[in-house]
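A.B. asks: Okay, handing you the structure first.
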There are 2 protein chains.
Amino acid sequence: MKAAKNSSEGWDALFFPSSIAVVGGSGDLKKPGGIVLENLKAGGFSGAIYPVNPGRREINGLKCYPDLASIPGQVDLAILAVKSHIVLPTLKECSAREIRAAIIFSSGFGEVNEAGLKDQGRIREMAAELNIRICGPNTMGMVNYLNKMQSAFVYGYRLPAMPDHPENGIALICQSGGVGCSLLQACHQRGLDVAAYVCTGNEAATDFSDYLAYFTSRPEIKMVASYMEGISDGNKFAGAAEAALAAGKPVVILKAGANEASARAARSHTGALAGSAPVYRSLFRQKGIIQVQSIGEMAAVLSLLATGRRPAGKGVAIVASSGGQAVIAADKYSGAGLELVRLGTDIQNKIARELPPFAGVSNPVDLTGLDIVIPGLFQRCAAAAAEDPGVDTLVLSHWLNEGIDSVGQLKAIAGLTDKPLALLGAMPGATPGPASGDLVKCGVAFMDDPDVAANALVKVVEYTEKARSNPGHNSPRSHTAPVVPARYRSLRPGTVLAEREVKEILTACGIQVVPELAAATAEEAAAAAQELGYPVAVKVDSPDILHKTEVDGIRLNLSGPEEVRRAFSSVTGQGARRQHGALIRGVLVQKMVSGGQELLVGISRDPVFGPVLTFGMGGIWVETLKDISMRVLPVDEGDVREMIRETKAFSILAGARGKAPLDLPAVEDILLKVALLAESWPTLAELDINPLIVLPESRGAFVVDAMAAAAGETTVL
Amino acid sequence: MKAAKNSSEGWDALFFPSSIAVVGGSGDLKKPGGIVLENLKAGGFSGAIYPVNPGRREINGLKCYPDLASIPGQVDLAILAVKSHIVLPTLKECSAREIRAAIIFSSGFGEVNEAGLKDQGRIREMAAELNIRICGPNTMGMVNYLNKMQSAFVYGYRLPAMPDHPENGIALICQSGGVGCSLLQACHQRGLDVAAYVCTGNEAATDFSDYLAYFTSRPEIKMVASYMEGISDGNKFAGAAEAALAAGKPVVILKAGANEASARAARSHTGALAGSAPVYRSLFRQKGIIQVQSIGEMAAVLSLLATGRRPAGKGVAIVASSGGQAVIAADKYSGAGLELVRLGTDIQNKIARELPPFAGVSNPVDLTGLDIVIPGLFQRCAAAAAEDPGVDTLVLSHWLNEGIDSVGQLKAIAGLTDKPLALLGAMPGATPGPASGDLVKCGVAFMDDPDVAANALVKVVEYTEKARSNPGHNSPRSHTAPVVPARYRSLRPGTVLAEREVKEILTACGIQVVPELAAATAEEAAAAAQELGYPVAVKVDSPDILHKTEVDGIRLNLSGPEEVRRAFSSVTGQGARRQHGALIRGVLVQKMVSGGQELLVGISRDPVFGPVLTFGMGGIWVETLKDISMRVLPVDEGDVREMIRETKAFSILAGARGKAPLDLPAVEDILLKVALLAESWPTLAELDINPLIVLPESRGAFVVDAMAAAAGETTVL
């Protein structure tokens, strides 16, 4: 029966309960069960609050119950502030009371040891069996300003008061209570309205993606901001992110675990799966998620988004009180990739009339500090700059000053233009204070540091473009799934395929390989070279030798039959000598392709996101430059075009130093075919085409070498 | 007579006057001459203050004089808050009164137009002629807390009050009054003691380097912090920077003008010379200057330095109230290149005894928020982590809380260790407030953002190492100056030298070039190839053709005489066809060198710093990857070793993917020889060796192609 109930019932009980039981409620303000009671009261929760504690009759004026069963009225939500071994029995009691949601503060589960992880598995099972929506365990809880509910505990921190307009607010999803509070505080300081905040804890039964999907579905939530350490189900997350993008709700994420040291720390903190930081970054880009690098940048992005204004492009004008601040802002904004448009002559003249001759009037505009003493000067110059059609965002570096009613002038500027306005705090520590919220609502975002502010604006520009175009993955595919030759379709786990086999598969997928012939003897090799035409390369052909370079098994640029014969004996001899027991089938003789660029195309499997397509420069540059782009599958034409263009080496492909551009359509075609191959062939764990040689325009791209491995234990690749 | 006076006299008058005249003194607090009088009073200046204004008898209780001549007592310093056309006559009056220093607020000089620039030149001349030390024009003035003197005007901003210990303080040199105030404010907020502040203005007679040298000489000044837009005399600056490094006084610079847009803005703001941002960056690195990217990073670096503690190395331990904050800090610190050392088992056990089982105790240490409620917990755990011998700096992410006396605990930790302590503000906006100064003096630096804090620490670690090793440029040189063949020693301005000539010069300097022979006919070319051995390359030989690729004048990998003959006709024909009138001398036949890596070595001339040595990857990668390092000449062995190692591609040179390392000593030797060539041959403006091929260990490096240009107008390179 229970399974048939509407699944939103649990969500309503969790976020919009009319009554809350606090199991382990306490009068001690140093204990979670004491802090949460205080927070519920302080937040103004209007429903019933039932402390449950067999040792107390009353806590701060609230009647206290010995157990859940003795509470007289209905209970929607239970907060469990109890020792970990009490959690499972208490969930049963919740079920008996038909409580549909629970927040489990208790620590001591998956983050501690195997026994804890097992208990956490039981929580997951019970959530499903008993139809209870569960937040936690190991969570600091949540805040829902839409319901005036602060069902959270934080040591030594008073949760911010009700924001002005939670019904038009931000939802925060945090995989750390401490960072969550920092984000809450940052929003509070900037006057950004928060609708709801959840600390997800160990996510036994409700995970990050569930909260993201829920918040996306709520009309009061306009955007989502998150601190993320890791997720376990990449597909589910991708789906939730796509829904948010389609709904026009920006998702901003501060992702921790960018390197080995911090990934280890995250694992011990919330047991977050490793996953690869570059894969997360790629998926975020694919799904239009705004990834930020610090809480300050998060606040800057949220402020820009919260104005409701969106930049039409990269054009920026800077108007500054100080010449030096103008130069710094110009540094940061143009360094971040935005365009400082040259203001039109009419606009420049208009501004020049207000200023002394030593002021700068093109862009940046330098008000020489006079805006601090001349009433209205700032407003007149800023409004003039905003009129320029090339300006998409107006950056204002201004010393806030009451004497000239800075806040009033800012509001007036906002009334004269509908372009985004970014106000930089030129003086450390000086903020619009209580006026921040008003300003944001008028369209003026406040941010501290020009460096952070510039990066934030770039990200908002990119998001706006992505949200506008968002093709999703529904664009028609021009390729049909490839047919993998039958004998490769299911391989023994861990099987590794050598060059010859992989090329057979790639050929079957319609991907060109360099002309080559297998040869079992030196004479066959010389004949093959004759047939292919010189110069040729000769490579040892062995299913057992995967890294031919390491056994000295390759000879390049051979220009005659004698060289080919010598190469044959040499590479087969080296192969046998250096790798004992390897089956040497002979050699592959390949035509040398010249005038092209070496690339790398690969497939790998991420533990969180599954198959990932990689692209980059080939050869020794791969490891040195790490100039690699990635996309989580599936991908469409737009994705592969983007991933080629985001590499640093793209300018070489597009035709560096007056050279002809290379055949990019051929590369895009191969990327799509490789992606389809990986999707239609689940056995494939790793594929490494390196190098793929791409020739100048319309001359194609050819696989020169490749190897592959089936899923399962293998350490070869 | 005047020239014979001690040059420190003017400095004393500027920074330590006993009496000040304010020409253009005013009662209007919106005018510079009014604001400065107010500031002098507010700052508590104890000497005589003489407003000069013919229209007033008295200003705010100070007797006012019609001109400098009528002031009764001695005047040490004159502040000129007058219209620009009054400046020159007033300087003459100063001289008549034997005033030895002047601050010129007035704008309208070099930053406006040619006439202004000419007047500015006159100020420079008069400073020398009249023996007056001049600050400005177009300056907001200066503050010397050592003399309780606030001889500055800022619109709408009250200068910070006297710091606790100016006699142990920071000197600020700023090429913008507005940014200067931001820096003052940032120091004030962090409790960092400022000794003096100067806004340099247009630097007519006293420039950035003069102030740097002066402050380095003052015993009260412990470090220098600067906002710089540009300097005009690179050598002078380098000398001042070397003196500061040798004196153990860190110099921290926020340099604006990182790109074209902001360089343009800086030019219009202070007329700063362009100079190249990468050259500034290189020189800063060479001279141990700490370059920061924002005011926030400046404050973080200064805080670390102001503790007086220096990190012995890159080892870091993080102790955090919140698990999430611990992960973020781990992200940023290890991402910045610091090492999160694994704490010893004994230390881990000691910490574990204080914490519940779900806390992280290796590194980062996660106190799970309990440090906010349990008195002394934070101190005990932090002190334990500091004991680990691998820890050079202790990073503390802690929510400051009065209930547990956070500040007291921090001071106690500082008493137990002499390692640097970096306190991260985990909660936006929460700072130690008035306790900041105390904490810094005890050894605890406070900083906001983990991202900024981590970068700041890396810079302090690098500075500490540089200051410790500082070999200067006095290390013995193993090379003697090369002898440039006589006929090249002085070239007509703008002369461009082609491959053959440049190689002659390089050979004379002891630099190896690839074996090659000039050939005037096809037959000579074939014979040359025979002599050199195949494969060979054939290149058109013309003093007029500098970009051989662009005229299709190169054939590579030729493996027989017929190919060489064909290449001869083809490249000479192409050369003649594509560049009409070019003198074609024939071809150069060169031995192909294989198995090496293409590099680039060059000399260019920076308008500010003079000859600059560049190094990087050769070929098409040069422009695409911009993986270039630079050093301003002169350089020593240490410099060239460093510049090779700081390129991204260094790992290729050191032996990527199991390949043999390349012959780095040969490359270092060539870099030094090229540097000496440039120093001993002032005619040389540009030299471009591209490619230089470096072979595996002990096999040398060879110049394959090169060109050069003499100083003077030329647009060829």
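Every number here is computed from the coordinates shown, using simple stated rules; none is lab data. Remember, it's a predicted structure, so these values are computed and weren't measured experimentally. So basically every Cβ, Gly included, is an ideal-geometry build from the backbone, and we count neighbours across all protein chains shown.
A.B. asks: With a/c under 1.5 counting as rounded, go ahead and sort chain B into rounded, prolate or oblate using the C-alpha gyration tensor (a ≥ b ≥ c being the square roots of the eigenvalues; past the cut-off, prolate if a/b is larger than b/c, else oblate).
C.D. replies: Oblate.
A.B. asks: Can you list the GluC sites (Glu not before Pro) in region A:82-173 that are in a DSSP coil and have 16 or fewer other beta carbons within 10 angstrom?
C.D. replies: Those satisfying the criteria are A:Glu98.
A.B. asks: Is there a simple number for the mean count of other chain Cβ atoms within 10 Å of the Cβ of residues in B:334-342, and what is it?
C.D. replies: Details: counts 8, 6, 0, 0, 1, 1, 6, 1, 2.
Per-residue shielding by partner chains comes out at 3.
A.B. asks: Then there is this: Mind scanning B:Lys92/B:Lys236; B:Lys92/B:Lys118; A:Lys30/A:Lys441 and naming the pairs with a C-alpha gap bigger than 27 Å?
C.D. replies: Pairs exceeding 27 Å: B:Lys92/B:Lys236; A:Lys30/A:Lys441.
A.B. asks: Ok, one more. Which value in deg cm²/dmol, rounded to the nearest 500, describes the helix-derived mean residue ellipticity at 222 nm for chain B, given -39,500 (n - 2.57) per DSSP H run of n ≥ 4 and division by the residue count?
C.D. replies: That calculation yields -11500 deg cm²/dmol at 222 nm.
A.B. asks: What is the magnitude of the charge dipole of the protein assembly as shown about its Cα centre, with +1 placed on the Cβ of each Lys and Arg, -1 on the Cβ of each Asp and Glu, and no other charges, expressed in debye to the nearest 20?
C.D. replies: Values: 136 positive and 150 negative charges, 271 e Å.
Rounded to the nearest 20 debye, it is 1300 debye.
A.B. asks: For each of A:Val608, A:Val87, count neighbouring Cβ atoms within 10 Å of the residue's Cβ, then give the residues from fewest to most.
C.D. replies: Arranged by neighbour count, lowest to highest, A:Val608, A:Val87 become A:Val608, A:Val87.
A.B. asks: Around B:Leu664, what is the net charge, scoring Lys/Arg as +1 and Asp/Glu as -1 over all other residues with Cβ under 14 Å from its Cβ?
C.D. replies: On the way: positive: B:Arg641, B:Arg645, B:Lys659, B:Arg699; negative: B:Glu637, B:Glu642, B:Glu646, B:Asp663, B:Glu668, B:Asp669, B:Glu697.
Summing Lys/Arg as +1 and Asp/Glu as -1 gives -3.
A.B. asks: A follow-up question, please. Using r as the Cβ-Cβ distance of A:Glu531 and A:Ala711, and R0 as 35 Å, what FRET efficiency do you calculate, to the nearest 0.05?
C.D. replies: That gives a FRET efficiency of 0.40.
A.B. asks: Still on this structure, please answer the following. Please list 3J(HN,Hα) in residue order for region A:41-51, calculated via the Karplus relation 6.51 cos²θ - 1.76 cosθ + 1.60 where θ = phi - 60°; whole Hz, with x for glycine and proline.
C.D. replies: For region A:41-51, the Karplus-derived couplings read 5, 4, x, x, 4, 9, x, 6, 10, 10, x Hz, x marking Gly and Pro.
A.B. asks: Here is a follow-up. Pull up the cross-link candidates among the aspartates and glutamates for B:Lys31, meaning alpha carbon to alpha carbon under 16 Å and not fewer than 8 places away within one chain.
C.D. replies: Hits, sequence-local ones excluded: A:Asp371.
A.B. asks: Can you bin region B:571-610 into rounded, prolate or oblate? Criterion: square roots of the alpha carbon gyration tensor eigenvalues sorted a ≥ b ≥ c, rounded for a/c under 1.5, prolate for a/b above b/c, oblate for the rest.
C.D. replies: Oblate is the answer for region B:571-610, as a/c is 1.5 or above yet b/c matches or exceeds a/b.
A.B. asks: Hey, could you get me the Stokes-Einstein D for region A:515-591, Kirkwood radius over alpha-carbon pairs, 25 °C and 0.890 mPa s, rounded to whole µm² s⁻¹?
C.D. replies: 209 µm²/s
A.B. asks: With θ set to phi - 60° and the Karplus curve 6.51 cos²θ - 1.76 cosθ + 1.60, what are the ³J(HN,Hα) couplings of region B:344-360 in order, to the nearest whole Hz, using x for Gly and Pro?
C.D. replies: Per-residue couplings from phi come out as x, 4, 4, 5, 4, 4, 4, 5, 4, 4, 8, 10, x, x, 8, 7, x Hz.
A.B. asks: Now for a separate question. Summing +1 for each Lys or Arg and -1 for each Asp or Glu, what net charge is found among the other residues whose Cβ lies under 15 Å from the Cβ of A:Leu416?
C.D. replies: Value of the local net charge: +2.
A.B. asks: Other chains' Cβ within 10 Å of B:351-361 residues: what's the mean?
C.D. replies: Taking all residues of B:351-361 together, the mean is 3.
A.B. asks: Straight-line reach from A:Lys626: which aspartates and glutamates fall under 14 Å, measuring Cα to Cα and dropping same-chain residues less than 8 apart?
C.D. replies: A:Glu646, B:Asp627
A.B. asks: OK, next. Output the peptides A:591-603, A:174-186, B:546-558 sorted from most to least packed, where packing is the average of other Cβ atoms within 10 Å over each peptide's residues.
C.D. replies: Put in order of decreasing packing, that is A:174-186, A:591-603, B:546-558.
A.B. asks: Could I ask something else about it? For the residue pair A:Ala481 and A:Arg353, what label-to-label distance in nm results when each label sits 7 Å from Cα along the Cα-to-beta-carbon direction?
C.D. replies: It is 6.9 nm.
A.B. asks: Here is a further query. Classify the protein assembly as shown as rounded, prolate or oblate from the Cα gyration tensor: take a ≥ b ≥ c as the square roots of its eigenvalues, call it rounded if a/c is under 1.5, otherwise prolate when a/b beats b/c and oblate if not.
C.D. replies: Oblate is the answer for the protein assembly as shown, as a/c is 1.5 or above yet b/c matches or exceeds a/b.
A.B. asks: Of A:Gly655, A:Val612, A:Ile628, which is farthest along the charge dipole of region A:597-716 in the positive direction, counting Lys and Arg as +1 and Asp and Glu as -1 at C-beta?
C.D. replies: Farthest towards the positive end: A:Gly655.
A.B. asks: Go through B:Ala486, B:Asn557, B:Val23 and say which Cα lies farthest out towards the positive end of the charge dipole of chain B; charges sit on Cβ, +1 for Lys and Arg, -1 for Asp and Glu.
C.D. replies: Looking along the dipole axis, the top candidate is B:Val23.
A.B. asks: Just list whichever of A:Lys222/A:Lys673; A:Lys539/A:Lys659; B:Lys332/B:Lys419; A:Lys419/B:Lys255 have alpha carbons separated by over 28 Å in the model shown. All intermediate terms of the calculation are to be shown ahead of the outcome.
C.D. replies: Details: A:Lys222/A:Lys673 38 Å; A:Lys539/A:Lys659 30 Å; B:Lys332/B:Lys419 20 Å; A:Lys419/B:Lys255 30 Å.
Checking Cα-Cα distances, A:Lys222/A:Lys673; A:Lys539/A:Lys659; A:Lys419/B:Lys255 exceed 28 Å.
A.B. asks: OK, next. State to the nearest 20 debye the size of the charge dipole of region B:160-306 about its Cα centre, where the only charges are +1 on K and R beta carbons and -1 on D and E beta carbons.
C.D. replies: Taking the Cα centre of region B:160-306 as origin, the dipole is about 340 debye.
A.B. asks: In addition: Region A:381-414 to region B:9-50: how many Å between their Cα centroids?
C.D. replies: 34 Å
A.B. asks: Along the positive direction of the dipole of the protein assembly as shown (beta-carbon charges: Lys, Arg +1; Asp, Glu -1; about the Cα centre), which of A:Ala678, B:Ala435, B:Ala518 reaches farthest?
C.D. replies: Farthest along the dipole direction, towards plus: B:Ala435.
A.B. asks: Got a sec to turn the phi values of region B:415-423 into Karplus ³J(HN,Hα) couplings, 6.51 cos²θ - 1.76 cosθ + 1.60 with θ = phi - 60°, whole Hz, x for Gly and Pro?
C.D. replies: Values, residue by residue: x, 8, 9, 10, 7, x, 10, 10, 9 Hz.
A.B. asks: Net charge around B:Gly553, counting only other residues with Cβ within less than 10 Å of its Cβ (Lys, Arg = +1; Asp, Glu = -1)?
C.D. replies: Details: positive: B:Lys539, B:Lys548, B:Arg555, B:Arg578; negative: B:Asp541, B:Glu550, B:Asp552.
Result for the local shell: +1.
A.B. asks: Quick one: Cα centre-to-centre distance for region B:302-355 and region A:531-588, in angstrom?
C.D. replies: 52 Å
A.B. asks: Please give the helix B:522-532 orientation as an angle from the longest Cα principal axis of chain B, in degrees from 0 to 90, rounded to the nearest 10.
C.D. replies: 70 degrees
A.B. asks: For A:287-298, what's the mean count of beta carbons from other chains sitting within 10 Å of each residue's beta carbon?
C.D. replies: Average per residue, whole number: 3.
A.B. asks: Can you give the charge dipole size of chain B about its Cα centre, rounded to the nearest 20 debye, using +1 on the beta carbon of Lys and Arg and -1 on the beta carbon of Asp and Glu? Present the calculation step by step, with values, prior to reporting the outcome.
C.D. replies: Details: 68 positive and 75 negative charges, 207 e Å.
The calculation lands at about 1000 debye.
A.B. asks: Then there's this: For region B:1-139, max minus min Cα coordinate along each principal axis, in Å, sorted largest first?
C.D. replies: Extents along the principal axes, in whole Å: 37, 35, 25.
A.B. asks: Once both labels are modelled 7 Å past Cα along the beta-carbon direction, what's the B:Ala96-B:Arg577 spacing in nm?
C.D. replies: With each label point 7 Å from Cα toward Cβ, the separation is 8.0 nm.
A.B. asks: Can you put B:Asp366, B:Asp451 in order, fewest other beta carbons within 10 Å first?
C.D. replies: B:Asp451, B:Asp366
A.B. asks: I would also like to ask the following. In nm, to one decimal, how far is the modelled label at B:Ile374 from the one at A:Glu642, with both set 7 Å along Cα→Cβ?
C.D. replies: 4.7 nm
A.B. asks: A follow-up question, please. Calculate how many DSSP beta bridges within the protein assembly as shown are antiparallel, expressed in % of all such bridges and rounded to the nearest 5.
C.D. replies: 50 percent
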